[in-house]
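As structure tokens, the structure follows; a few thoughts come after it.
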Amino acid sequence: MSGPKLFEPLTVGNLTLANRIVIAPMCQYSAVNGCMNDWHQIHLGQLALSGAALLTIEASAVLPEGRITYGDVGLYDDPTEAAMAGVIESMRRWSDMPIAIQLAHAGRKASCEVPWKGGLQIAPGAPNGWQTEAPSAVSFLPEENDPVALDREGLAKVRDAFVAATVRAARLGIDVIQLHGAHGYLLHEFLSPLSNRREDDYGGSLENRMRFPLEVFDAVRAAFPADRAVTMRVSGTDWVEGGWDSEQTVAFAKALEARGCSAIHVSSGGNSPAQQIPVGPSYQVPLARAVKQAVSIPVVAVGLITDFEQAEAIIGTGDADMIALARTILYDPRWPWHAAAHLGGKVKAPKQYLRSQPRQFKDLFEG
């Protein structure tokens, strides 16, 4: 009798993952001047012991002005690299879970207050605020300060910043890079006609709107060691009429695959306050399925995946190759253990915790 699909290994690029559960990047808004600290060590450290197959470090800005908030993690200078190195070194000492990082630029959605203080955008010149940049001078909300439209020099600066962060990530021994092309941040802003109103060769047609994100991907892929994976997170739709949609996502996914992308993580929304999202369990899975049917590289599904049977069904039916957990694994950092126990799978646990294995699950832990 075969075991659960959720706990079968999978190869992404040259990296073999122990199962199909990945930990999504989750902003903590707790860095100081872009630098990780002991909160990140505690937060990521517990997740590195969870039994998942891959841990993704939260959105890490490639430029200071690319941070969503002043509390965002960065990877753009020696202090931010050194701070991240300390956290990674601590995790590596006690866990062999592969580590990914999401490299990001928030575009017009940058310069915001942290969520628990309201999350509103902070005006340039105000404490903790700065001028935002975007494909076009169109703000996310009407009451917000308009971003500056990036010119050719600005585009080159952003692309080069992604490359510089990639070089730092490689030096840190990070296994996988995920480029953030979702949730209304800069690369997504270029893709969507709602936020990209440019009239040059970076705007207008789908080919033009894909141009800058693909240029960034190509530059990052060239800068990262060839034996390590570069992936992309996308929003499968804006959930707005006339915006980015599943059909365009499939075209983008095919272009990424042709350029050597190792996997695509399909989320949705975030680029317009007019979005109408039909939130419910597995609500984004059809978006992942559409991409999965069009490409041969692994596809990750995410969004309100909380139930063990639900996760098994997503993998077992072929809707996606992996499931990503975010809020679910914050609420239950041992979710992979509990899923393995429920489904009859095996999961790796730290040797210090092996004696916690329940008597009724005698073959649960691999150790």
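The values are calculated or read from the model by the stated rules, or taken from the named source; none is laboratory data. Because the structure is predicted, anything quoted here is derived from the model rather than measured. Cβ coordinates were reconstructed from backbone atoms using ideal geometry, including for glycine residues, and neighbour counts include every protein chain displayed. The area values use the complete protein model at the heavy-atom level, side chains included, leaving out ligands, DNA and RNA. Shrake-Rupley method; radii C 1.70, N 1.55, O 1.52, S 1.80 Å.
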- With criteria (1) more than 20 Å from I23 (Cα to Cα); (2) among the polar types (S, T, N, Q); (3) part of a loop (DSSP other than H, G, I, E, B), Q352 comes up short on (3)
- Which ranges mark the helices (runs of 4 or more DSSP H) fully within segment 202-293 that have 2 or more residues being open to solvent by less than 30 Å² (accessible area, probe 1.4 Å) and free of Cβ contacts under 8 Å to residues at least 40 places away in the same chain? 206-223
- Task: Would you mention how many residues in segment 329-349 are in contact with an Asp or Glu (Cβ under 9 Å, 6 or more places away or on another chain), assigned to a helix (DSSP H, G or I) and within 21 Å of I57 (Cα to Cα)?
- Result: 0
- Message: I'm trying to understand the selection: among the residues of segment 155-172, which are in contact with a helix residue (DSSP H, G or I) (Cβ under 8 Å, 6 or more places away or on another chain), of a type in the set (A, V, I, L, M, F, W, C) and in a helix (DSSP H, G or I)?
- Response: L155, V158, A161, F162, V163, V167, A170
- Kindly list, by first and then second residue, each pair from a residue in segment 306-321 that is under 13 Å from A339 (Cα atoms) to a residue that is charged (D, E, K, R) and open to solvent by 30 Å² or more (accessible area, probe 1.4 Å), limited to pairs with Cβ atoms under 7 Å and residues at least 6 apart or on different chains. E312/K5
- Query: Which residues, counting only those in segment 123-145, are touching a residue at least 40 places away in the same chain (Cβ under 8 Å), aliphatic (A, V, I, L, M) and open to solvent by 20 Å² or more (accessible area, probe 1.4 Å)?
  - Reply: V138, L141
- Message: Please go through segment 297-312 and give me each residue that is in contact with a helix residue (DSSP H, G or I) (Cβ under 7 Å, 6 or more places away or on another chain), open to solvent by 10 Å² or more (accessible area, probe 1.4 Å) and in a loop (DSSP other than H, G, I, E, B), ordered by number.
- Response: I297, T306
